[in-house]
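Undergrad: Okay, handing you the structure first.
The values are calculated or read from the model by the stated rules, or taken from the named source; none is laboratory data. Model, not experiment: these values are computed from the prediction. Positions of Cβ are backbone-derived with ideal geometry, glycine not excepted, and every protein chain shown enters the neighbour counts.
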Amino acid sequence: MEGPAPGKFLFADAGTDRLIALADGPAPWLRPHFVDNRGMLLSKIQALVIDTGSRRIIVDTCLGNGKERAVPNWSGLQLPFLEDLAAAGYPTESIDTVVCTHLHVDHVGWNTRLEDGAWVPTFPNARYLFVRGEYQYWNEAGYADEPILEDSITPVMEAGLVDLVAADHVLLDEGGTVVRFEPTFGHTPAHVSVVIESVGRRAVISGDLIHHPVQMAIPNWASRFDYDADATRATRKAFLDRYADGSTLVIGTHFATPSAGKIVALDAGTWKLEV
Ligand SMILES: [Zn+2]
């Protein structure tokens with residue numbers, strides 16, 4: 001799913017006038033990909049597949065179909081996600097690993113699908129990796145008004161497909177390719193990013209510690225979905241600093257197309273995404 005949305009859905013200060021002023025002024029790089037001419041934020045919800053030739057890892061499973069959700073546009077969806085995934089060369093049976101960077105609604109949806117009135121694992125041949133602290137938190141705290149545990153998490157647990165792992169877990173290390181979690185806590189209690197290193201090159205899937213590239217221009221803007229806004233600010237600044245190295249490809253889980261770029265440090269503690 002991709003398109004424009006009011007900035008205030010995510011950030012308290014992201015009114016249309018403010019976003020237009022930002023793109024007209026200190027952050028022209030936000031146009032055309034990330035802020036439109038009406039001052040709306042452009043973003044997407046997507047799954048990413050890491051295909052090493054021998055392994056197929058899907059990272060974040062979006063919203064899912066037919067789920068009862070609080071956000072009207074996210075509820076009762078009937079989208080051709082699995083058909084699109086198969087058409088891209090990745091039928092569900094071919095996926096060997098499912099990763100959720102964190103257990104929010106838009107990252108766990110296709111963990112399951114409805115079959116004969118029951119929620120069953122979408123990826124029957126995969127191990128599902130949840131960070132232990134993340135699972136424990138949501139399993140105890142629950143979700144305010146949505147049956148996310150019941151429809152997207154517990155069914156894969158009960159099917160015996162889940163491995164609870166550490167926040168620095170190494171998913172694979174073979175033939176010069178490493179895929180590993182990197183702890184980036186704050187947005188949720190045990191949120192992780194996914195680092196991919198291969199043939200001397202590095203990419204990182206950010207997850208939601210940067211919801212939108214506008215947070216490179218204003219790193220202090222906290223998403224209203226952050227569990228700990230101050231911790232997320234510190235994590236975000238450290239992440240931006242670490243990966244403004246001129247070579248790392250940063251792939252944003254919610255960044256609008258083209259979704260990926262290099263982080264460049266600017267003046268006064270701000271950054272930009274060079275796509
Ligand atoms: Zn998200």
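Undergrad: So how many residues does the range 168-189 have that are crowded, with 17+ Cβ neighbours inside 10 Å and assigned to a loop (DSSP other than H, G, I, E, B)?
TA: Residues meeting the conditions: 7.
Undergrad: Which one of the conditions (1) free of Cβ contacts under 8 Å to residues at least 24 places away in the same chain; (2) assigned by TED's automatic domain parsing to the domain that holds Ser54; (3) touching a helix residue (DSSP H, G or I) at 6+ places or on another chain (Cβ under 9 Å) does Glu115 fail to meet, given that it meets all the rest?
TA: Every listed condition holds for Glu115 apart from (3).
Undergrad: Give the residues of the range 37-74 that are among the basic types (Lys, Arg), buried (at least 18 other Cβ atoms within 10 Å of the Cβ) and more than 22 Å from Leu171 (Cβ to Cβ), sorted by residue number.
TA: Result: Lys67, Arg69.
Undergrad: Quick check: is even one residue across the range 137-155 more than 16 Å from the ligand (Cβ to nearest atom), under 18 Å from the mean Cα position of the chain (by Cα) and not assigned by TED's automatic domain parsing to the domain that holds Asp208?
TA: no
Undergrad: In the range 232-246, is there at least one residue being modelled with pLDDT of 95 or more, under 21 Å from Leu48 (Cα atoms) and aromatic (Phe, Trp, Tyr)?
TA: Scanning the range 232-246, I find at least one residue that is modelled with pLDDT of 95 or more, under 21 Å from Leu48 (Cα atoms) and aromatic (Phe, Trp, Tyr), so the answer is yes.
Undergrad: Kindly provide the set of residues from the range 94-146 that are surrounded by fewer than 17 Cβ atoms within 10 Å (Cβ to Cβ), out of contact with any strand residue (DSSP E or B) (no Cβ under 7 Å at 6 or more places or on another chain) and part of a strand (DSSP E or B), ordered by number.
TA: Those that are surrounded by fewer than 17 Cβ atoms within 10 Å (Cβ to Cβ), out of contact with any strand residue (DSSP E or B) (no Cβ under 7 Å at 6 or more places or on another chain) and part of a strand (DSSP E or B): Leu114, Glu115, Ala118.
Undergrad: Any chance the range 190-207 includes a residue that's touching a Leu at 6+ places or on another chain (Cβ under 9 Å), buried (at least 19 other Cβ atoms within 10 Å of the Cβ) and of a type in the set (Ser, Thr, Tyr)?
TA: yes
Undergrad: So which of Phe185, Phe181 ends up being away from the ligand (no atom under 14 Å from the Cβ), at pLDDT 95 or above, aromatic (Phe, Trp, Tyr) and farther than 22 Å from Tyr143 by Cα? Explain how you work it out, then say what you get.
TA: Working: Phe185 fails: farther than 22 Å from Tyr143 by Cα.
Only one candidate passes the filter, namely Phe181.
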